[in-house]
1. Can you pull the percent of the protein assembly as shown's accessible area that's carbon plus sulfur, 1.4 Å probe, other chains left in place?
2. What residues have an amide H closer than 5 Å to that of B:Leu142, excluding those fewer than 5 places away on the same chain, when H is modeled at 1.01 Å from N in the peptide plane?
3. In a Gaussian network model over chain A where Cα atoms closer than 10 Å are linked, find which of A:Arg22, A:Arg87, A:Arg135 has the largest mean-square fluctuation.
4. Compute the accessible area of each residue in region B:16-31 twice, once for its chain alone and once with every protein chain present, using a 1.4 Å probe on heavy atoms, and list those whose area falls by at least 20 Å².
5. Please compute the per residue accessible area over chain B with all protein chains in place, 1.4 Å probe, rounded to a whole number of Å².
6. What are the semi-axes of the equivalent ellipsoid of chain A, taken as the square roots of 5 times the eigenvalues of the Cα gyration tensor, listed largest first and rounded to whole Å?
7. Give the nm distances, rounded to one decimal, from A:Arg135 to the matching residue in every other copy, measuring between label points 7 Å along Cα toward the beta carbon; shortest first.
8. Taking K and R as +1 and D and E as -1, what net charge do the other residues with C-beta under 12 Å from the C-beta of B:Phe83 add up to?
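The values are calculated or read from the model by the stated rules, or taken from the named source; none is laboratory data. The structure presented is a predicted model; accordingly, all values stated were derived computationally and were not measured. Every residue, glycine as well, gets a Cβ built from its backbone with ideal geometry; the counts of neighbours run over all protein chains shown. Please note that ligands, DNA and RNA were not included when accessible areas were found on the heavy atoms of the full protein model with its side chains. Shrake-Rupley method; radii C 1.70, N 1.55, O 1.52, S 1.80 Å.
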Amino acid sequence: MEYFKHEQAIVDDKAQIGRGTRIWAFSNIQEGAVVGEDCNLCDGCFIEGGAVVGNNVTVKHHVSIFDGVTIEDDVFIGSNIAFINDRFPRSKAHDIEWDKTLIKQGASIGTNAVVLGGITVGRYAFVGAGSVVTRDVPDYGLVYGNPAQLHGYVTKDGKRTDQPPE
Amino acid sequence: MEYFKHEQAIVDDKAQIGRGTRIWAFSNIQEGAVVGEDCNLCDGCFIEGGAVVGNNVTVKHHVSIFDGVTIEDDVFIGSNIAFINDRFPRSKAHDIEWDKTLIKQGASIGTNAVVLGGITVGRYAFVGAGSVVTRDVPDYGLVYGNPAQLHGYVTKDGKRTDQPPE
Amino acid sequence: MEYFKHEQAIVDDKAQIGRGTRIWAFSNIQEGAVVGEDCNLCDGCFIEGGAVVGNNVTVKHHVSIFDGVTIEDDVFIGSNIAFINDRFPRSKAHDIEWDKTLIKQGASIGTNAVVLGGITVGRYAFVGAGSVVTRDVPDYGLVYGNPAQLHGYVTKDGKRTDQPPE
């Protein structure tokens, strides 16, 4: 096994986990989930079958990534985030097609933020902690608030700018 | 045993669990908790003694339901929700009566939403993800924001309407 | 052992835990973490090495306390809170100094609230559930909203007042 699994984590034999990835306690990676190389999945993460996580991704504590969600390389996901794949969920209503949520390369999603189903967060964008993202976020965009508004841009190394850095 | 318990879930012998309910990993159902039939309790749920959950309820990941909270049939509870039973909590101040929170039949509570203690959420109402609910929600009401405001109504199958559908 | 550890909790041998503290299921206390006496750490808590928790502290469910965070005596931490120690996190960017977050004696932090890195919350202050705290909170201050605003003061026993009670 070329990845690390804490003895109190659950990883299904049919999950695909890349080399060098670390999966910590009380996490659960289901059949059909895809996780890339050199990721760090902290305690209590749940990755559903159909979810795709790229390389070098940091997933903090108690994060749920469901079917229909794609996380590209180098993304940071703060704690207590559950990606949504159904805008109007009802109990036991399963005959639906999941919304597709896409978090592009290098983006950072702050702790306890909400990203609604069907949203695209752009490359190296930054979503402030506790925000509720209801619209797509442009590349390098800095958004925060409820609902989240665009308040400028950030560089790859986290400096604020007025204009997109590219 | 007529319900399913993941081998890494904890269910107290004195919890009452209905037929056909599934309880997933890292969940903990305490003595005196009541959970109905055909529910799905995802990873990391905590149901305290005194909490009551009806039939056909979906409880997503890392949800805490405390004493004083009643969830009726057919409700959807999104991830990372902790129902509150004490409006002004202080550490180690236990000689209080818990607030009563009631989530009525068929309501949906979006991911990471907060419902303050003592609130009633009406039948088939919909609380948007990341909202903070500080007042009662009418039947079929669609509320979102912090604090949550009424923005219209939804039908049982999740379509928006200007007027209550009944 | 003078503290209680649930059989499904993890406590590192090099964590320092005070007498009478209770650590519940699916929690993980790491090497170098310091937790005082008579605390109650509910299910799914994560205390990182370098974090300091005082005496008589209540930590509810699925709370993460990271390096750089200090919680003083008698504090109440609601569920689903992850303290932040890095204002602009990027995946795998570790060569930084953590922000210092300080929660002073007797404060209460409501469920699902966010306290940004580097913030000080004053003695017996109260942060409303679901709030996003972006500025320091004065002693006895009552703050809520996103971003959190000062809306008055609270006494030690949770009564609202217009002026600070001391």
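1. Working: 8790 of 19600 Å².
Answer for the protein assembly as shown is 45 percent, counting heavy atoms of protein chains only.
2. Amide H neighbours of B:Leu142, under 5 Å, 5+ apart: B:Phe126, B:His151, B:Gly152, B:Tyr153, B:Val154.
3. Highest fluctuation of the listed residues: A:Arg87.
4. B:Phe26, B:Asn28
5. 39 Å²
6. Largest first, chain A gives 26, 19, 13 Å.
7. List, nearest first: 2.6, 2.7 nm.
8. Computed value for this residue: -2.
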